[in-house]
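*Asks:* Here it is, the structure in full.
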Amino acid sequence: MGENFDTFLDAWPRIQEGILTTIYLTLGGAALAFVLALLLGLAAGNKYVLVRGVSRTIVEFFRGTSLLVQLFWLFYVLPLLGFQLEAMFCGILALGLNYGAYGAEVVRGSIAAVPATQWEGAVALNFSPWQRLHRIIFPQAWVQMLPPLNNLLIQLLKGSALASFVLLQDLTYQIEQLRRGTGDTVFAFGIGLVLYFCIAYVLTLVMNLLEVRAKSRLGAGPSMREVLRLRPERPGESIGVGR
């Protein structure tokens, strides 16, 4: 076991590089997925049949095909057609397209779940379509989107491990190198489990804070300050009693 830890310490600088690569893939893929999810999710509820049809076709195609196959197409097949893409870009693009399609359904469902009375009230106030969406509908839908988007973000993090198949030296790749160096599968992949869990936990905390902030803005939960305060609030403190 001592030799395993010595090998791990020697490999730690390379593992750190793998962690950074995994984080770049996750954040880049998540950013692209979020933009696509918004565009496709909103288009799915458009009044024009052609716009809805194009959105549904894109969503169903990328949901219905394997992320690994999409990644292989971008990295190995496109060069045969004259399009050479960097490995990192291929990884981000594949993750963004695949999880963006799943996210589009989250956006579409969350917007559809906003009560019809909210739409009617926005129309009664003579808001433009953009004002209805931006000021009334989206803030309420955003609260409902965050928990499933959090799940998709964690899934995207785990899906980034497939990038090792396109020669990216991410965390999974470095863990495999550690396994070869130690000859101990349990030790090496045990380290991998812990590191992936730590990254996922940090991402979950960030998403939870976003959810708290979104609910607070709607008056449906405590404020960010109340959640992050180091001491509990005393009775009457919020209204200045006893000061």
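The values are calculated or read from the model by the stated rules, or taken from the named source; none is laboratory data. Predicted model only: the values in this text are computed from it and were never measured. When we count neighbours, we look across all protein chains shown, and the Cβ atoms used for this are built from the backbone with ideal geometry, even at glycine. Calculation scope for accessible area: heavy atoms of the full protein, side chains included, ligands and nucleic acids excluded. Shrake-Rupley method; radii C 1.70, N 1.55, O 1.52, S 1.80 Å.
*Asks:* Measure off, as a whole percent, the carbon and sulfur share of the 1.4 Å-probe accessible area of the chain, all protein chains present.
*Replies:* Values: 9450 of 14430 Å².
Exposed carbon and sulfur together represent 65 percent of the surface.
*Asks:* Then there's this: By how many degrees, between 0 and 90 and to the nearest 10, does the Cα long axis of helix 138-159 differ from the longest principal axis of the chain?
*Replies:* 10
*Asks:* Tell me whether segment 1-68 comes out rounded, prolate or oblate; compute the Cα gyration tensor, take square roots of the eigenvalues as a ≥ b ≥ c, and use a/c under 1.5 as the rounded threshold. Display every interim value, and only then the final one.
*Replies:* Numbers: a/c = 6.76, a/b = 3.55, b/c = 1.91.
Note, shape of segment 1-68 comes out prolate.
*Asks:* Shape verdict for segment 156-208, please, from the Cα gyration tensor: rounded (a/c under 1.5), prolate (a/b greater than b/c) or oblate.
*Replies:* Values: a/c = 3.61, a/b = 1.52, b/c = 2.37.
Oblate.
*Asks:* For segment 38-125, which trypsin sites (Lys or Arg not before Pro) are in a loop by DSSP, counting at most 13 other Cβ atoms within 10 Å?
*Replies:* Values: sites: Lys47, Arg52, Arg56, Arg63, Arg108; in loops: Lys47.
Listed in order of number, the matching sites are Lys47.
*Asks:* Based on the Cα atoms of the chain, what semi-axes does the equivalent ellipsoid have, where each is the square root of 5 times one gyration tensor eigenvalue, given in whole Å with the largest first? Walk me through the numbers before you get to the answer.
*Replies:* Numbers: eigenvalues 305, 180, 24 Å².
They are 39, 30, 11 Å, listed from largest to smallest.
*Asks:* Another one. Evaluate 2.2 N^0.38 Å with N set to the residue count of segment 43-126, then give the Cα radius of gyration divided by it. Intermediate values should be presented prior to the final figure.
*Replies:* Numbers: Rg = 17.6 Å, N = 84, 2.2 N^0.38 = 11.8 Å.
Computed over Cα atoms of segment 43-126, the ratio equals 1.49.
*Asks:* OK, next. By accessible area of protein heavy atoms, probe 1.4 Å, what ranking do Glu105, Glu86, Glu17 get, highest first? Don't skip to the end; give the middle numbers.
*Replies:* On the way: Glu105 40, Glu86 140, Glu17 110 Å².
Final ranking, largest accessible area leading: Glu86, Glu17, Glu105.
*Asks:* Please give the per residue accessible area of the chain, computed with a probe of 1.4 Å over protein heavy atoms only, in Å². Walk me through the numbers on the way to the answer.
*Replies:* Details: 14430 Å² over 243 residues.
Here the per-residue accessible area is 59 Å².
*Asks:* Can I ask one more? Who wins for biggest fluctuation among Leu95, Leu20, Leu71 in a Gaussian network model of the chain, springs between alpha carbons below 10 Å?
*Replies:* So, out of Leu95, Leu20, Leu71, the one fluctuating most is Leu20.
*Asks:* Can I ask one more? Mind putting together the pair-distance distribution for segment 98-137? All Cα pairs, 5 Å bins, whole percent per bin, short to long.
*Replies:* 6, 23, 24, 18, 14, 9, 4, 1
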